[in-house]
Each structure stands twice: as structure tokens, then as C-alpha cells.
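Written below as C-alpha cells is the structure these notes are about.
The values are calculated or read from the model by the stated rules, or taken from the named source; none is laboratory data. What you see is a predicted model, and the numbers here were worked out from it, not measured in a lab. So basically every Cβ, Gly included, is an ideal-geometry build from the backbone, and we count neighbours across all protein chains shown.
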Amino acid sequence: MNKGKLLYEGKAKRLYATDDPDLLWLEYKDEATAFDGEKKEPLPGKGALNNAISSHFFALLTAHGVAHHFVKKVDGQSQLVRPVNILPLEVVVRAVAAGSICRRLGLREGWELPRPIVEWYYKDDALKDPLVTEEHIRLLQAAEPEQLQHMRREALRIYDILHPFLQRLGVLLVDFKLEFGINAKGQLIVADEVSPDTCRFWDVGSGQKMDKDRFRQGLGGTLDGYREIWKRLQQTAEGGAECTR
């Protein structure tokens, strides 16, 4: 399998064609960005860590019957994925108050919500990915009502998979972001990544942050947090992914 023409470059990943039209080559970048790219910094080793972590999580989701675009990890920073047409929505599941919900609603960081909630964000860099309601989504024609129901159901199911899995590793799943796309068969499936770039992970005992908030908030040791998550994931074979440092 050979990496071909660059098709797309985002803040954290590059996507290439391959010699198989049913497969794309996804490469994680050694860069950290925050605040819609306003804060940016090279972080050598970050790409390999996110590739390993996300590959492990996708293998875990496979074991639980969740449909997604991931195929396999092919090298340190790259994996093969199925092509999808991404819907212009970010689906965020929150179980503990952190980040923007604290600023918007005046909640105390660390407050455990009575139950996990789902939020929708419209993917538009110029608008800074605003929070939207289901009525806004229909107005923008960003997704059909049945697609929203499917994404909500799958996002909460993924929380029910990841939360106890991580709890056993001493990690609190605070919140996470998912993206969905439509594959060649017309199925709506999970895409993008599941990593410390898209999830908030806190140590259960100390509350130490092990995710991109270390970069956002200038706490230092960003890669140390990512390494700690990968170290803990390697304590279990449940994910089933063959990952190397």
C-alpha cells in the first residue's frame, strides 16, 4: 500500500490517496493547535502517540460493534481509513463540566453532570465552530433528523463503552468529540479520531489532566499527558490494536 496524492490537510492530520480507491492514508501531524489555530506549536512525537491511541480506541469500538472508518495502523504516524463524506457537525458528549460549558453556563469545572449530555457544533472555521441546536442544524441542512438521532444514540453508546473501560485504568472520561461521515454504502459511521486531542482525560485520583488542555491552558508537559494515556492503554489488550511507540 503506497501513500499517494495529498487530498486534505487539517490542523492535526493529513489525508492522502492510496493505490486502492477504497482506502485512504491518514497521517497524524507533530503539531499542537488550539483556539481555531491561533495557538500553534510543533510537538515531535505527538503524531505517533495520537495514532497509537486512536488506533487502540477504534479497535475497542470494533470489538463492541461500532461502525467506523478505521481499518488498521500502518506505521508510526499513519493508519488506513475508509473514505467518508464528513457531515459538518461535531458531536460532543459531556459527563463532567469542563471547557466551554463552564464559561457558557457558569458551571464549576469538575462538577459531575447528572447524566451525560450531547451538544452539537457546526463545523465552520470562519464562525469558530459555533454551538447549535437541532433547529439550527435543520435550518443549515447540515443533517437530517434521523441522522441526528443516529449520531446521538451512537455517541452515548460510545460513552457507555469508553467510560468503564477507562475507569478501570484510573482515567476519568470528562468529555469527547466525535465526527461522523457517510461511507460508500450510504452508512453513517464514526470518523476522525479518538485521542487526547478530542477527549478530556483526567486522572481519577489526582484530577491531573492528560489531554490537550495541558497545551490550551499552558500547563506544560503536554506530551507527558499523552504518554501517560498510552501507557495506561497498554495495560490492557481489550482494545486489540497492535500499537508501538
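Given the structure, is Gly76 surrounded by fewer than 21 Cβ atoms within 10 Å (Cβ to Cβ), closer than 24 Å to Gln234 by Cβ and in contact with an Asp or Glu (Cβ under 9 Å, 6 or more places away or on another chain)?
So Gly76 does not fit the description; no.
Any idea how many residues of segment 52-77 are within 16 Å of Glu193 (Cα to Cα) and in contact (Cβ under 8 Å) with a residue 60 or more places away in the chain?
Total meeting the criteria: 18.
Select from segment 167-219 the residues that are out of contact with any Asp or Glu (no Cβ under 7 Å at 6 or more places or on another chain) and charged (D, E, K, R) and list them in ascending order.
Hits for segment 167-219 are Arg168, Asp175, Lys185, Glu193, Asp197, Asp203, Lys209, Asp211, Asp213, Arg214, Arg216.
Restricting attention to segment 79-93, which residues are closer than 15 Å to Val194 by Cα and touching an Asp or Glu at 6+ places or on another chain (Cβ under 8 Å)?
Glu90, Val91, Val92, Val93 - these are the residues of segment 79-93 that are closer than 15 Å to Val194 by Cα and touching an Asp or Glu at 6+ places or on another chain (Cβ under 8 Å).
When you check Ala237 against the structure, is it hydrophobic (A, V, I, L, M, F, W, C) and either at pLDDT 95 or above or surrounded by 13 or more Cβ atoms within 10 Å (Cβ to Cβ) (or both), yes or no?
Spelling it out, it is not the case that Ala237 is hydrophobic (A, V, I, L, M, F, W, C) and either at pLDDT 95 or above or surrounded by 13 or more Cβ atoms within 10 Å (Cβ to Cβ) (or both).
Can you name the residue in segment 129-174 that is in a helix (DSSP H, G or I), of a type in the set (Lys, Arg) and touching a residue at least 24 places away in the same chain (Cβ under 8 Å) and is also farthest from His56 (Cα to Cα) among such residues?
The extreme case among them is Arg152.
Tally up the residues in segment 203-216 that are surrounded by 21 or more Cβ atoms within 10 Å (Cβ to Cβ) and either farther than 20 Å from Glu41 by Cβ or out of contact with any Gly (no Cβ under 8 Å at 6 or more places or on another chain) (or both), please.
2
Would you point out the residue of segment 175-196, among those that are of a type in the set (A, V, I, L, M, F, W, C) and in a loop (DSSP other than H, G, I, E, B), that is farthest from Glu27 (Cα to Cα)? First the steps, then the outcome.
Looking only at segment 175-196, we keep the residues that are of a type in the set (A, V, I, L, M, F, W, C), and these are 176, 178, 180, 182, 184, 188-191, 194.
Now restrict to residues that are in a loop (DSSP other than H, G, I, E, B): 184, 194.
Values: Ala184: 21, Val194: 14 Å.
Among those that are of a type in the set (A, V, I, L, M, F, W, C) and in a loop (DSSP other than H, G, I, E, B), it is Ala184.
Would a scan of segment 84-94 turn up a residue that is over 22 Å from Gln208 (Cβ atoms) and of a type in the set (Lys, Arg)?
There is no residue in segment 84-94 that is over 22 Å from Gln208 (Cβ atoms) and of a type in the set (Lys, Arg).
Mind checking which residues of segment 97-119 are in a strand (DSSP E or B) and either in contact (Cβ under 8 Å) with a residue 60 or more places away in the chain or surrounded by 12 or more Cβ atoms within 10 Å (Cβ to Cβ) (or both)?
Leu113, Pro116, Ile117, Val118, Glu119
Any idea which residue in segment 20-30 is surrounded by the fewest Cβ atoms within 10 Å (Cβ to Cβ), counting only those that are of a type in the set (Asp, Glu) and free of Cβ contacts under 8 Å to residues at least 60 places away in the same chain?
Filtering segment 20-30 for residues that are of a type in the set (Asp, Glu) and free of Cβ contacts under 8 Å to residues at least 60 places away in the same chain, the one surrounded by the fewest Cβ atoms within 10 Å (Cβ to Cβ) comes out as Asp20.
Test each condition in (1) closer than 20 Å to Asp175 by Cβ; (2) free of Cβ contacts under 8 Å to residues at least 60 places away in the same chain; (3) more than 15 Å from the chain's Cα centre (by Cα) for Thr33 and report the one that comes out false.
Result: Thr33 fails condition (3) only.
Looking for whichever is acidic (Asp, Glu) and surrounded by 15 or more Cβ atoms within 10 Å (Cβ to Cβ) here; the options are Glu90, Glu41. Which one fits?
Going through Glu90, Glu41 in turn, the sole match is Glu90.
Quick check on my filter: what residues within segment 31-56 are small (Gly, Ala, Ser), over 15 Å from Lys212 (Cβ atoms) and in contact with a Ser or Thr (Cβ under 8 Å, 6 or more places away or on another chain)?
Passing the criteria: only Ala52.
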